[in-house]
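Below you'll find the structure, written out as structure tokens, and then a few comments.
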Amino acid sequence: MSISKKLDVPLSPMLCEDLTEEEQRHKEQEEKQRMTRQTISLFISTFLFSLMGMFLQLATRYGVPSTEIVFSRAAFQGIFIIPAMFLFRLSPSDADALPPTQDKDVEVDDDDEEEDMKFAAVNSFENEGTTTTTTTLPPRIIQHPFGTTKIMSNVVILRGIFGGLSFMFKFHALSTLPLGDATALMAVYPVITIFLAHIFLGEVIRPLHIVAAISSILGALLISQPRFLFGDVDGGDDVDDDSYQGYAGYISAFLENIFCSGVIVTIRKAGKVGAHTLQLLFSWMVFALSLSMLMFFVGRSSSEIVEGWIVPPAEALPSLLGTCMAAGVAHFLLNYSGKFVPATMGGLIRSSGILIAYLLEVFVFGTTPETVTIWGVFFIIMSLMIVLFQGKVDELVSFLVCQAGEYRPRMSSTFGWAKEDHRDNSNLHRQFSVA
């Protein structure tokens, strides 16, 4: 199986015809290395999001409402995003998608513009017998903050809406529910992501994906030990489940799963339509600020529905800063790497956050591991191993089928095996032989 098959980004047939066998092997090796880098970036992002959750819990102990934290987080991100959008330009391919007369900077060739020339498209034309060289630079990203085409704009805007709502519900659930309940309830989104990715992105649903998702959810339940399954184990959470805030917290956790899955799928879709990472971050910032400000005005009129904002005490400032910094870097890595990694794999990698959060509790806060939680760690690690090594499993299965002479899967097309594939498998045989 070629690496392009595994990455769900097949090489162009015309390109494959033009490449020699050695060049194609080199191209596929580069794709594999890029995939490895993006996967590592997603793990780093997941680790930083776990740090964000720790700082968030500390901030809410000082009475800072979740909607105010979302506003602070989005404003902090905007300090870096907006200047970057003024500084960087769109790629030439994105600029070509614009109408010919729209938003292109035309400058006369000059030695002082050497750096701009690296990104320029140089056109020569004759004017009254004189040849003039002009430099057509792509527009800056800030000129098209939501994309250069209609479909790109729709995807980027959806990503912003889903992301803003996801953070709102996530922060509200973490601030109103016991940590174990909130973590367990928000751990089912990998399963939702698998089916959304199949419906909207055409990604194949593999049995290994289902096993990994179930293993991840089971591990989350064993580690977090939610009260609705295990009872009040610690006796230390003083959240009133019969109150409005208690019920709203459980609803928020459920909705967070839906919108978190939507975020992962739309980021992957944004990668397919060529959206820039800064456009995705800007879209999230706009809608997160808008939604949090809306909640601010709702809180002013009815504090029973939404907590009113406060001036954060000095003791809460380090936690707020930690939340903003950790989430800012994590968010960038998620939006950048998530464009290249299949949504199904991205969701399963993100689900490892509960393992990282538990390890932080053990090594930072000195929590003593229990037998049940150790089993939970085992199931999550098993889920991650399935994700990381599914490519090798696919290669082994395909190699064994190649030995039989042809590729004739017999299972349902819903799960991606019904189509017969009579492609030349000699390249696969060579790859597996040299591995």
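The values are calculated or read from the model by the stated rules, or taken from the named source; none is laboratory data. On a predicted model such as this, the values are computed, not experimentally measured, just so you know. Cβ atoms come from the backbone with ideal geometry, glycine included; neighbour counts cover every protein chain shown. Ligands, DNA and RNA are stripped out before the accessible areas are found, and what is left, the full protein with its side chains, is counted by its heavy atoms. Shrake-Rupley method; radii C 1.70, N 1.55, O 1.52, S 1.80 Å.
Using the structure shown, select from Lys150/Lys170; Lys150/Lys339; Lys32/Lys150; Lys32/Lys339 the pairs with a Cα to Cα distance greater than 26 angstrom.
Lys150/Lys170; Lys32/Lys150
Can you compute 3J(HN,Hα) from phi for each residue in the stretch 265-273, using the Karplus curve 6.51 cos²θ - 1.76 cosθ + 1.60 with θ = phi - 60°, rounded to whole Hz and x for Gly and Pro?
Per residue, the Karplus-derived 3J(HN,Hα) values read 5, 6, 5, 5, 5, 4, x, 6, 8 Hz.
Just the number: Rg to Rh for the stretch 143-235, Cα atoms, Kirkwood Rh, two decimals.
That ratio is 1.10, to two decimals.
Which peptide among 200-206, 338-344 comes first, and what is the full order, when sorted by highest mean count of other Cβ atoms within 10 Å?
338-344, 200-206
Val329 to Tyr62: extension gain in nm, 0.36 nm per residue of separation minus the Cα-Cα distance?
93.7 nm
Roll a 1.4 Å probe over the protein heavy atoms and report the accessible area of Arg350 in Å², nearest 10.
Per-residue accessible area (Arg350): approximately 40 Å².
Need one number: nm distance between label points at Phe86 and Lys32, each 7 Å from Cα along Cα→Cβ, rounded to one decimal.
Label at Phe86, label at Lys32, 4.5 nm between them.
Taking θ = phi - 60°, what integer Hz values does the Karplus form 6.51 cos²θ - 1.76 cosθ + 1.60 yield along the stretch 375-380, in sequence order, with x for Gly and Pro?
Per residue, the Karplus-derived 3J(HN,Hα) values read 5, x, 4, 4, 5, 5 Hz.
Spelling out what I want: for every residue of the stretch 61-76, take phi, set θ = phi - 60°, compute 6.51 cos²θ - 1.76 cosθ + 1.60 (Karplus), and round to whole Hz; glycine and proline get x.
Ordered by residue, 3J(HN,Hα) equals 5, 8, x, 7, x, 5, 5, 5, 5, 4, 4, 4, 5, 5, 5, 4 Hz.
What does the extension gain come out to for Ile44 and Trp309, with contour length at 0.36 nm per residue minus their alpha carbon separation?
That pair, Ile44 and Trp309, stretches by 92.2 nm at full extension.
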